[in-house]
Amino acid sequence: MEIGFRIYLSRRQRGFSQKALSRLAGIPQPNVSNIEKGKQDVTVGTLHKIAFALKMKMADFFDEESIQGPSKPRIFFSRKRLEKLAAAVVSGNKALTGEERAIVQRIQQIIPAKKRRSVRKRRALEAWLSLKQELGESAIRSLVERIRDAEMRKQGVHEPAAD
């Protein structure tokens with residue numbers, strides 16, 4: 001992951017605007033913006049100022065767990081729950097808990113609907129990192145498979161019978 005995007009994630013997780021980080025670090029706001037977008041390289045001195053303003057160590061920008069925060073307990077998904085979430089992603093008409101709604105929203109940011117072909121790269125990556133931390137890769141893979149199955153059922157496409 002690019003250092004600029006790591007700075008962006010760290011800043012957002014701490015609730016800072018670019019302007020606030022700029023003020024705290026003593027760096028012009030356009031420079032913060034350009035660094036986060038990868039349009040400007042960050043010097044060691046600038047990275048030190050940003051780390052200090054965010055109350056981090058410089059090494060934290062190179063350690064993925066420091067950016068994402070400590071691991072949370074992973075959520076268990078039964079087959080029934082996976083199918084419920086997949087159906088909600090595909091059709092959007094399921095009664096969901098707040099936690100399930102949040103998961104569905106993040107999945108929709110990662111897997112764009114045909115109507116929403118342009119998904120913002122940063123938003124999709126934030127959603128992926130959040131889901132990966134909360135659910136784990138195997139649960140995400142299972143959920144994506146269920147979503148594909150639900151989409152195929154919705155379109156009336158059935159997989160061929162196994163021989």
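Just so you know, all these numbers are worked out from the coordinates, no wet-lab data involved. Just so it is clear, the structure is predicted and the values come from calculations on it, not from any experiment. As a convention, Cβ positions derive from the backbone with ideal geometry for all residues, glycine included, and neighbour counts pool all protein chains shown.
Summary table
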read-out	value
Chain lengthening between SER33 and ALA102 when straightened (0.36 nm per residue, less Cα-Cα)	22.1 nm
Listed residue pairs exceeding 21 Å between alpha carbons, taken from LYS84/LYS132; LYS84/LYS154; LYS39/LYS132; LYS19/LYS132; LYS49/LYS132	LYS39/LYS132; LYS19/LYS132; LYS49/LYS132
Dipole magnitude (debye, nearest 20) for region 3-68, charges at Cβ of Lys, Arg, Asp, Glu	360 debye
Projected label distance in nm at ARG153 and GLU137, using a 7 Å step from Cα toward the beta-carbon	2.8 nm
Cα gyration tensor shape for region 3-68, rounded if a/c is under 1.5, else prolate or oblate	rounded
